[in-house]
């Protein structure tokens with residue numbers, strides 16, 4: 001994933017036609033499109049290949065199971081055309097290593113969640129975020145997910161992961177600032193509802209991309 005606009009669209013719609021239309025409108029302003037269970041359950045796994053026509057796809061499946069099940073899920077995502085899969089690290093080293101191994105075999109990337117962007121993540125994830133970041137480094141994942149809603153955490157996590165890619169969700173509807181996240185050390189920010197609920201998703205994506213550009 002190239003750092004061109006440094007913007008990732010979180011496409012959490014459920015309708016295939018809407019997903020394709022929004023992807024087409026925003027394609028020139030995003031570095032990747034992140035899709036998860038809402039769209040896959042609504043439109044089928046083949047939607048990954050369809051969205052790939054517009055931008056690299058990150059499968060946000062937050063994989064969190066035993067090693068063999070993790071392998072099966074990641075394999076399906078990569079075979080469907082995803083360039084990367086988001087996974088959890090709290091299931092342990094063996095489970096995460098299986099994800100990384102599968103990604104290497106399929107020439108894809110793994111992003112490990114360190115701390116999610118919603119308030120509830122403070123309860124259980126925040127105390128372990130830096131340990132999860134360290135685990136991602138040790139297991140040779142390509143990157144981590146860190147909350148744009150808490151830029152100070154992004155900065156701390158950057159200190160742990162070094163040159164790994166950091167993608168940061170929570171910009172827009174959740175209150176996070178794209179500029180603050182980038183300044184704190186994020187490589188890419190993830191924006192969903194602010195873009196896909198807009199009357200003009202393309203213009204909204206362009207607006208955010210310009211905001212990010214000012215931080216360079």
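The values are calculated or read from the model by the stated rules, or taken from the named source; none is laboratory data. It should be emphasised that the depicted structure is a prediction, and the values quoted were computed from it without experimental measurement. All Cβ positions, glycine included, derive from the backbone under ideal geometry; neighbour counts span all protein chains shown.
Would you be able to say whether some residue in segment 142-156 is over 17 Å from the mean Cα position of the chain (by Cα) and either closer than 18 Å to residue 30 by Cβ or in contact (Cβ under 8 Å) with a residue 60 or more places away in the chain (or both)?
To start, the set of residues in segment 142-156 that are over 17 Å from the mean Cα position of the chain (by Cα) comprises 152, 155-156.
Next, from what is left, pick out any that are either closer than 18 Å to residue 30 by Cβ or in contact (Cβ under 8 Å) with a residue 60 or more places away in the chain (or both): none.
Looking for residues that are over 17 Å from the mean Cα position of the chain (by Cα) and either closer than 18 Å to residue 30 by Cβ or in contact (Cβ under 8 Å) with a residue 60 or more places away in the chain (or both), one finds none in segment 142-156, hence no.
Any chance you could count how many residues in segment 182-192 are in a helix (DSSP H, G or I) and either surrounded by 21 or more Cβ atoms within 10 Å (Cβ to Cβ) or at positive phi (or both)?
Qualifying residue count, segment 182-192: 2.
Looking only at residues in segment 122-147 that are over 18 Å from residue 93 (Cα atoms) and in contact with a strand residue (DSSP E or B) (Cβ under 9 Å, 6 or more places away or on another chain), which one is surrounded by the most Cβ atoms within 10 Å (Cβ to Cβ)?
Within segment 122-147, the match that is surrounded by the most Cβ atoms within 10 Å (Cβ to Cβ) is 146.
Working only within segment 96-114, note down all residues that are over 12 Å from residue 75 (Cα atoms) and out of contact with any strand residue (DSSP E or B) (no Cβ under 8 Å at 6 or more places or on another chain).
97
Hey, among 139, 99, which residue is under 16 Å from residue 63 (Cβ atoms) and over 17 Å from the mean Cα position of the chain (by Cα)?
The match here is 139.
Is there a residue being out of contact with any helix residue (DSSP H, G or I) (no Cβ under 8 Å at 6 or more places or on another chain), assigned to a strand (DSSP E or B) and under 22 Å from residue 18 (Cα atoms) anywhere in segment 35-53?
Checking segment 35-53: at least one residue is out of contact with any helix residue (DSSP H, G or I) (no Cβ under 8 Å at 6 or more places or on another chain), assigned to a strand (DSSP E or B) and under 22 Å from residue 18 (Cα atoms).
When residues of segment 98-120 are filtered for being within 14 Å of residue 64 (Cβ to Cβ) and touching a helix residue (DSSP H, G or I) at 6+ places or on another chain (Cβ under 9 Å), how many remain?
Selection size over segment 98-120: 7.
Determine which single condition residue 19 fails, assuming it passes every other condition in (1) in a helix (DSSP H, G or I); (2) surrounded by fewer than 16 Cβ atoms within 10 Å (Cβ to Cβ); (3) in contact (Cβ under 8 Å) with a residue 24 or more places away in the chain.
So residue 19 meets the others, but not (2).
How about segment 144-181: which of its residues are part of a loop (DSSP other than H, G, I, E, B) and within 15 Å of residue 122 (Cα to Cα)?
Those that are part of a loop (DSSP other than H, G, I, E, B) and within 15 Å of residue 122 (Cα to Cα): 146, 147, 148, 149, 150, 174.
Would it be correct to say that residue 199 is over 30 Å from residue 67 (Cβ atoms), out of contact with any strand residue (DSSP E or B) (no Cβ under 7 Å at 6 or more places or on another chain) and part of a helix (DSSP H, G or I)?
The answer is no for residue 199.
Residue under question is residue 81, and the condition is that it be modelled with pLDDT of 95 or more, touching a helix residue (DSSP H, G or I) at 6+ places or on another chain (Cβ under 8 Å), more than 13 Å from residue 145 (Cβ to Cβ) and surrounded by 16 or more Cβ atoms within 10 Å (Cβ to Cβ); does it hold? Walk me through it before giving the result.
Numbers: modelled with pLDDT of 95 or more: yes; touching a helix residue (DSSP H, G or I) at 6+ places or on another chain (Cβ under 8 Å): yes; more than 13 Å from residue 145 (Cβ to Cβ): yes; surrounded by 16 or more Cβ atoms within 10 Å (Cβ to Cβ): yes.
Here the answer is yes, as residue 81 does meet what is asked.
Which residue, of 210, 183, is touching a residue at least 12 places away in the same chain (Cβ under 8 Å), farther than 25 Å from residue 14 by Cα and more than 15 Å from the chain's Cα centre (by Cα)?
Only one candidate qualifies: 183.
Of the residues 110, 48, 73, which is over 23 Å from residue 161 (Cβ atoms), within 15 Å of the chain's Cα centre (by Cα) and without any contact (Cβ under 8 Å) to a residue 40 or more places away in the chain?
Going through 110, 48, 73 in turn, the sole match is 48.
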